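Peer 1: Take this structure first; my questions come after.
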Amino acid sequence: MLRGVLVFDMDGVLVDVTESYREAIRQTVRYFTGSEPGHGRIQDLKNAGGFSNDWDLTSRLIQDSGVNVPYAAVLARFQTVFLGSGEDSLIRREKWVARPGLLEGLGRDYRLAIFTGRPRGEARITLDRFAPSLTFDPLIGAEDVETAKPAPDGLRKIAALTGEARTWYIGDTVDDARSARAAGVPFIGIASEATPRRAELVRLFEAENAVAVLTDINQLETVL
C-alpha cells in the first residue's frame, strides 16, 4: 500500500534551471534593456513572492529598468531564447538533480506527482529527456490552474484527482511554501547551496512552517 503522494515542483527541485529559465530571464532583459540582471536580483523577486511565473518576473525586471515593452513581446522573446531551435535552445542546458534510482525507489512507496508553474508541454520535454521511465501522475502545469502559485489550486486539484489524504509538496520558492500552507499540505523546502540569498530563503521557509529544508532532493529519503 502506498504511503501517500509526493508532489514535486520542477524548477530548482527536479531540474537545475540556472542555465535555462534563469538564463532566459537574463537574456530577455538584456535584449530589451541592454543590461543583464544579476542572479541575486532575480532571487530577490523570487523571495518577495508573487513571481512564480518567469515571464511575469522578466517583464517586471524590464519595467524596473525604465523600459516599456508589451507583455506579449517579452513572452515571445523569452520563448525564442528558451526553446530556440535544436542544440542552441536553453532548455537543452537543464540538468537533472535526482541521483539514479532515487525517484524509482520513492515511487515504490509513494505516488509521484508534479505541480509546476511551467506550461505542461515544456515540463514534458524535460521529463521525456531525463526521466522517460518515471510516472508522475497527475502532472499539473500552468494551464491547469485558474490562479498561479502561491494559490493552492494545483495542490487541491492533485488531492481531488488522487483521493490521497497524505500529501507532501517539495518546492524551492516562497510561493511554493505558501501554496502548500494554503492547501494544508506539509512543505519540504529546497534551498541549494548555490542559491543566491539562500539564508533569506531558508528563513522564509521556516516562517511558512516548512517541515524540513534540504539542499537538494537527494536528501529527501532521510526526511521521509
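No value in this document is a laboratory result; all are computed from the given coordinates. These figures come from a predicted structure and were not determined experimentally. For neighbour counting, all protein chains shown are included, and Cβ atoms are generated from backbone atoms with ideal geometry for every residue, glycine included.
Peer 1: Report, by chain and number, residues whose modeled amide H sits under 5 Å from the one on Leu214, excluding near sequence neighbours (fewer than 5 apart, same chain).
Peer 2: Result for Leu214 returns Gly189, Ile190, Ala191.
Peer 1: Convex hull volume of the Cα atoms in region 21-92, per residue, in Å³? Please report the intermediate quantities before stating the final value.
Peer 2: Numbers: hull volume 5.8 nm³, N = 72.
It is 81 Å³ per residue.
Peer 1: Let me ask something else about it. Just want to confirm a number: the relative contact order over the chain, from Cα pairs under 8 angstrom separated by 6+ residues, in percent. Don't jump to the answer; show the numbers that get you there.
Peer 2: On the way: 374 pairs, mean separation 59.7, N = 224.
Computed value for the chain: 27 percent relative contact order.
Peer 1: By the scheme Lys and Arg +1, Asp and Glu -1, what is the net charge of all other residues having a beta-carbon under 12 Å from that of Leu220?
Peer 2: Details: positive: Arg99; negative: Asp109, Asp216, Glu221.
Once all neighbours under 12 Å are counted, the net charge is -2.
Peer 1: Still on this model: Two decimals, Cα atoms only, Kirkwood Rh: what is Rg/Rh over region 23-143?
Peer 2: Numbers: Rg = 16.5 Å, Rh = 16.1 Å.
When Rh is taken as the Kirkwood radius, the ratio is 1.02.
Peer 1: Which value at 222 nm does the chain reach when only helices count, each DSSP H run of 4 or more adding -39,500 (n - 2.57), with the total divided by all residues and rounded to the nearest 500 deg cm²/dmol? Write down the numbers at each step before the final one.
Peer 2: Details: 10 runs with 100 residues, N = 224.
One gets -13000 deg cm²/dmol as the mean residue ellipticity at 222 nm.
Peer 1: Which value, in nm² and rounded to one decimal, describes the direction-averaged projected area of the C-alpha convex hull of the chain? Don't skip to the answer; put the middle values down first.
Peer 2: Working: hull surface 47.1 nm².
It is 11.8 nm².
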